[in-house]
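The block underneath contains the structure these notes are about, expressed in structure tokens.
The values are calculated or read from the model by the stated rules, or taken from the named source; none is laboratory data. Since this is a predicted model, take the numbers as computed values, not measurements. Using ideal geometry, Cβ is built from the backbone for each residue, glycine included, and neighbour counts are taken over all protein chains shown.
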């Protein structure tokens, strides 16, 4: 009761257009509510089909207290199995990735097939019903080769996004990408501070010198608007420039939120890399560098930035009230060969540096928000998307 | 109130024959209740008289927030003194073990004799009554040379166990054993997960390859029953084979729970060691290896496994809600000489390896139990003793 | 409600003349109240004017969740600015000390002048009022060159202390001192245990052998009283010997508590150093060593010990419920030259060793206080000041 009251009071005190009160980042009951209403409800990127090409291939997708086995089943479909034995709860699969015929719990050797069905439970009595003791399953949906997972009982629909963005997936060849490398960045701050940081480019110019040399959106608003106008007028490519703004509170009822947009890079910059130089073969149906990058977002914590020759995926996940992780995924064309067509160091340089900068920023933000003297501050127009995030967040926990 | 309600609700939801709900492992108020109703009430192994042969010899017994000085007093009796100065609460004794004439607090030099009596308090006023400011004392009982301690005001009786098992203590020569070595294994999981792990051998075959080569009880139930039957029929030894099953909820009113049983080893195995080979001189009145081992348990967290040539002691103690320790004691015949009659590496090999395996298992169990998707699972008949533990546990906290 | 009740109950159970119940050190709600009623209300030493001689010089003063920029403004006055950006709360200043023209937030580049005024906020709308978005300011008061800070809205008055001790500041030349070195000692215990330790010299003889060779107050009470009487009778110096006892609960209404006293050293000892040997030039107007030391205290957590040739400052601050820091400041005459007139190792030896001893004592005290069997114990007359501290503490949180 008391806790519910204090959360209601917090929510009532929220002022749109301002940053959140300190208590939103510190309340353990609110954190539980976020896990339930956000992370166990919305779609989250787990990975890409290229990571598990063969039957029995699997990898683990983990956050907060959850571990999910993402595996390719016998019929070739992708399954997501909760990594929690139905006997006494042990982790069933202890390897990060690999190939398995079945998943056998290391504790008492209960064994589950690739669909999660319990196929062996030693010496259990005859009245024990194996069919009711399979691993719990999460929902899986593929979007252009990307594997999304929802822990909800009745997940939101991805149909609008799938229909709307089919041409984008096609043009960039999502189905034929491969994961070049994935890196995990732990951040000692509440997940919202990390997510908010990603929502806005108001901080790009002061905080990310290298990023700001590449992306027009780091320019001052007037200059950016002008460059974008020119870009939209002159773009002759097949790649879609029309934005889809169904993110956060703008999502349609029953549909998962998503977003698409395409923005110019600074003149002469071809990719998100040192000096804007190419770093990998052109993606999908692209025939030349267009000095632009597309943004794409699905659900509240998964973002993509599509350069002409590679794609970044970003995923923000809580590990506890005060800690989160940012997972970065670098995708390249499926037939690109490491060491020949691309080099990991060159490919990952810009965003590895950028995310390390962000980590510092986010932790210094957390320190200040922890102060007794912190008060919600006025947000700028350049933080409009963050304002949508906060409005949506307040609804999500209400 | 709220917390009491949520604990009552948890208890009401308990289903005998199933593992516990997640909240039993995560609730800090429940943890306090466990400390009070279990660890401050039941008898716990502190050590063996051979550790403190001389007047003034002492060692510390520590768990959770408690530190207890176990010492031999002037009259030769064993005393257990709470290591908490009666002035401002400082630890009085900072050494793990040693010999002392008196215990003098390092803070303000208040001094206590071996019975805990305050014998000096510098410059205190005349109205200060030293006789009321001795160290708190815990109850001590010896059982065949083993030192048990109870922090209860009115401890449970050990009389039934003492009477019942007198012949066991005598045959194995408990009084004349000595502690060869003690090792502490910290485990990052709630103490119940560790204790439950020790209750059952359903996991022995899949988890403990080396243990399973020695102990018949790791076999499948039918095979074990058959081997046990043969063993009982053919055993010609003086060592008792008749079981005493007064463990957990089977304890008699007012008596501490305990258990005794004797089980065969795999044919040809003589001791709990690499290849089942002898590792020390035969205990007590034993004249030959009998390819068997006795189990013995006192209270809820102290267990013994008696091989013909050495005895293991196990003690599971909480350090916090999410952490516990398993202390292992290796006992050998009192006149055995290290380096000549036994070698520590050989003596400790099997159980050192086994407990390290268990640590991994227990932590992987904890990880799964922490999942939102964990549900209590059906226990097998091979987990019968764990079922008694859980039934008793529920009563203990009710 | 429940929490308020349990705090009231604790307070009601307090017995003057006894140490505190365990819960006073463990209750997180009480800790919040302490921060509010003590650390956000009373004056605390931040440093000395010699640390920031030039306009724009600054250093950070940090404790618990707060960071305060102490800087010299354009008009030469000292300002204390809360290091929390008024936009989204980021730390504005990340350097421990330095010189700045302005403080520019690293996140979105809002910029504040040396008085905390917001002077630039990129691309904010026209309706945004910069004048309402300056950094929060804490109150600053100088006392003989020492910088004190209060986070209170309406701070207590320091006027009584300033008037009363003006001659002391003058005689020891406080204005012309300089900070030789500052060291921070983290202590894993509640701040009160550290503060209580500093309140009394009952522990000096058993715990601090080296200190006890220097300070008469470590002697037994009768001997000390006798030496003090002799000292007061024979002292011919200008340095004040008359005590001012307005500490803790003895403070006058609306005034900050403070204390002054002068005590003899052991015969032949000239300074707080190895063997009592001189370690730096005589302070202020002193012309010879007087074998004495003055104590001076302002507010509840700042203490000074003035030897004839250097001054120690002590500051006890919480970092969390279970952790605190003790900051030690060594001051010498402003014109003393390191390496020539004093040597840091020699200067800091006694109190570096003493505080390390205290750290051990305090942690062993904490361990015992954490025991279920700890009870408040009777304090001695030698702990009279601690008794005042505890009486005041109880009032402060009531």
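Please tell me if residue A:108 is part of a loop (DSSP other than H, G, I, E, B), surrounded by 21 or more Cβ atoms within 10 Å (Cβ to Cβ) and free of Cβ contacts under 8 Å to residues at least 24 places away in the same chain.
So residue A:108 passes the test.
Pull up region B:14-35, narrow it to residues that are surrounded by 13 or more Cβ atoms within 10 Å (Cβ to Cβ) and part of a loop (DSSP other than H, G, I, E, B), then point me to the one that is farthest from the other protein chains (Cβ to nearest Cβ).
If we take residues in region B:14-35 being surrounded by 13 or more Cβ atoms within 10 Å (Cβ to Cβ) and part of a loop (DSSP other than H, G, I, E, B), then B:14 is farthest from the other protein chains (Cβ to nearest Cβ).
Can you say whether residue B:327 is more than 14 Å from every other protein chain (Cβ to nearest Cβ), closer than 22 Å to residue B:184 by Cα and surrounded by fewer than 17 Cβ atoms within 10 Å (Cβ to Cβ), as far as the supplied structure shows?
no
So for region C:297-315 (the condition being surrounded by fewer than 20 Cβ atoms within 10 Å (Cβ to Cβ) and more than 14 Å from every other protein chain (Cβ to nearest Cβ)), does at least one residue qualify?
Checking region C:297-315: at least one residue is surrounded by fewer than 20 Cβ atoms within 10 Å (Cβ to Cβ) and more than 14 Å from every other protein chain (Cβ to nearest Cβ).
Quick one: residue B:216 ticks every box in (1) within 22 Å of the chain's Cα centre (by Cα); (2) surrounded by 21 or more Cβ atoms within 10 Å (Cβ to Cβ) except a single one, so which number is it?
That leaves (1) as the condition not met.
Report, by residue number, each residue of region A:112-123 that is more than 9 Å from chain B (Cβ to nearest Cβ) and surrounded by 18 or more Cβ atoms within 10 Å (Cβ to Cβ). Spell out the reasoning first.
Step one: list which residues in region A:112-123 are more than 9 Å from chain B (Cβ to nearest Cβ), which gives A:112-120.
Selection gives A:112, A:113, A:114, A:116, A:118.
Which residue pairs have Cβ atoms closer than 9 Å, lie 6 or more positions apart in sequence or on different chains, and pair a first residue in region B:119-137 that is without any contact (Cβ under 8 Å) to a residue 60 or more places away in the chain with a second residue that is surrounded by 16 or more Cβ atoms within 10 Å (Cβ to Cβ) and in a helix (DSSP H, G or I)?
Note: pairs meeting the criteria are B:122/C:205; B:122/C:206; B:122/C:382; B:123/C:382.
Please determine, by comparing only the residues of region A:60-76 that are farther than 26 Å from residue A:322 by Cα and in contact with a strand residue (DSSP E or B) (Cβ under 8 Å, 6 or more places away or on another chain), which one is surrounded by the most Cβ atoms within 10 Å (Cβ to Cβ).
Here the answer is A:71.
Assigned by TED's automatic domain parsing to the domain that holds residue A:297, at pLDDT below 95, in contact with a helix residue (DSSP H, G or I) (Cβ under 6 Å, 6 or more places away or on another chain) and assigned to a helix (DSSP H, G or I): which single residue out of A:205, A:194 fits that description?
When all the criteria are applied, what remains is A:205.
Only residues in region C:208-223 that are farther than 23 Å from residue C:360 by Cα count as the first member; pair them with residues that are surrounded by fewer than 20 Cβ atoms within 10 Å (Cβ to Cβ), Cβ under 6 angstrom, at least 6 apart or cross-chain, and list the lot.
The qualifying pairs are C:216/C:224; C:216/C:227; C:216/C:266; C:221/B:123.
Would you confirm, using the coordinates I've provided, whether residue A:174 is at pLDDT 95 or above, in contact with a helix residue (DSSP H, G or I) (Cβ under 7 Å, 6 or more places away or on another chain) and closer than 25 Å to residue A:247 by Cα? Steps first, answer last, please.
Values: at pLDDT 95 or above: yes; in contact with a helix residue (DSSP H, G or I) (Cβ under 7 Å, 6 or more places away or on another chain): no; closer than 25 Å to residue A:247 by Cα: yes.
In short, no.
Give the residues of region A:233-245 that are surrounded by 15 or more Cβ atoms within 10 Å (Cβ to Cβ) and either within 16 Å of residue A:267 (Cα to Cα) or in contact with a helix residue (DSSP H, G or I) (Cβ under 7 Å, 6 or more places away or on another chain) (or both), sorted by residue number.
Across region A:233-245, the qualifying residues are A:235, A:239, A:240, A:241, A:244.
Do you know which residues across region A:335-353 are in contact (Cβ under 8 Å) with a residue 12 or more places away in the chain, farther than 23 Å from residue A:63 by Cα and either within 14 Å of chain C (Cβ to nearest Cβ) or surrounded by fewer than 18 Cβ atoms within 10 Å (Cβ to Cβ) (or both)?
Correct list: A:335, A:338, A:341, A:343, A:344, A:346, A:349, A:353.
Please go through region B:195-207 and pick out each residue that is touching a residue at least 24 places away in the same chain (Cβ under 8 Å) and more than 9 Å from chain A (Cβ to nearest Cβ).
Step one: list which residues in region B:195-207 are touching a residue at least 24 places away in the same chain (Cβ under 8 Å), which gives B:195-203, B:207.
Within region B:195-207, B:195, B:198, B:199, B:201 meet the criteria.
Does residue B:200 fit the bill of being under 24 Å from the mean Cα position of the chain (by Cα) and farther than 17 Å from residue B:349 by Cβ? So that I can check it myself, show each step before the final result.
Values: under 24 Å from the mean Cα position of the chain (by Cα): yes; farther than 17 Å from residue B:349 by Cβ: yes.
Spelling it out, residue B:200 is indeed under 24 Å from the mean Cα position of the chain (by Cα) and farther than 17 Å from residue B:349 by Cβ.
Of the conditions (1) over 29 Å from residue A:347 (Cα atoms); (2) within 13 Å of another protein chain (Cβ to nearest Cβ); (3) in contact (Cβ under 8 Å) with a residue 24 or more places away in the chain, residue A:158 clears all except one; give me its number.
All conditions pass for residue A:158, except number (2).
For residues that are touching a helix residue (DSSP H, G or I) at 6+ places or on another chain (Cβ under 6 Å) and more than 12 Å from every other protein chain (Cβ to nearest Cβ), scanning just region A:354-393, find the one that is farthest from residue A:17 (Cα to Cα).
Restricting to residues being touching a helix residue (DSSP H, G or I) at 6+ places or on another chain (Cβ under 6 Å) and more than 12 Å from every other protein chain (Cβ to nearest Cβ), the top hit is A:354.
Condition first: more than 21 Å from residue A:328 (Cα to Cα) and touching a helix residue (DSSP H, G or I) at 6+ places or on another chain (Cβ under 9 Å). Now tell me which residues in region A:61-81 satisfy that.
A:72, A:78
What are the residues in region C:124-143 that are farther than 14 Å from residue C:78 by Cβ, surrounded by 16 or more Cβ atoms within 10 Å (Cβ to Cβ) and within 10 Å of chain A (Cβ to nearest Cβ), if any? Before you say what the answer is, go through the steps one by one.
Residues of region C:124-143 that are farther than 14 Å from residue C:78 by Cβ, as a first pass: C:124-136.
Applying the additional criterion that residues be surrounded by 16 or more Cβ atoms within 10 Å (Cβ to Cβ) yields C:124, C:133-136.
If the condition is that a residue be farther than 14 Å from residue C:78 by Cβ, surrounded by 16 or more Cβ atoms within 10 Å (Cβ to Cβ) and within 10 Å of chain A (Cβ to nearest Cβ), then C:124, C:133, C:135, C:136 are the ones that fit.
Return the residues of region C:127-154 that are over 17 Å from the mean Cα position of the chain (by Cα) and either assigned to a loop (DSSP other than H, G, I, E, B) or assigned by TED's automatic domain parsing to the domain that holds residue C:290 (or both); say none if nothing qualifies.
Residues satisfying the conditions are C:127, C:128, C:129, C:133, C:134, C:135, C:136, C:153, C:154.
Examine region A:231-250 for a residue that is part of a helix (DSSP H, G or I), farther than 18 Å from residue A:159 by Cβ and touching a strand residue (DSSP E or B) at 6+ places or on another chain (Cβ under 7 Å), and state whether such a residue exists.
To start, the set of residues in region A:231-250 that are part of a helix (DSSP H, G or I) comprises A:231-234, A:248-250.
Those left that are additionally farther than 18 Å from residue A:159 by Cβ: A:231-234, A:248-249.
Then drop every residue that is not touching a strand residue (DSSP E or B) at 6+ places or on another chain (Cβ under 7 Å), which leaves A:231.
Yes, the conditions are met somewhere in region A:231-250.
For region B:36-91, which strands (runs of 3 or more DSSP E) that fit wholly inside it have 1 or more residues that are touching a residue at least 40 places away in the same chain (Cβ under 8 Å) and within 14 Å of another protein chain (Cβ to nearest Cβ)?
Once the strands (runs of 3 or more DSSP E) in region B:36-91 are filtered for at least 1 residues that are touching a residue at least 40 places away in the same chain (Cβ under 8 Å) and within 14 Å of another protein chain (Cβ to nearest Cβ), what remains is B:57-63, B:66-72, B:78-82.
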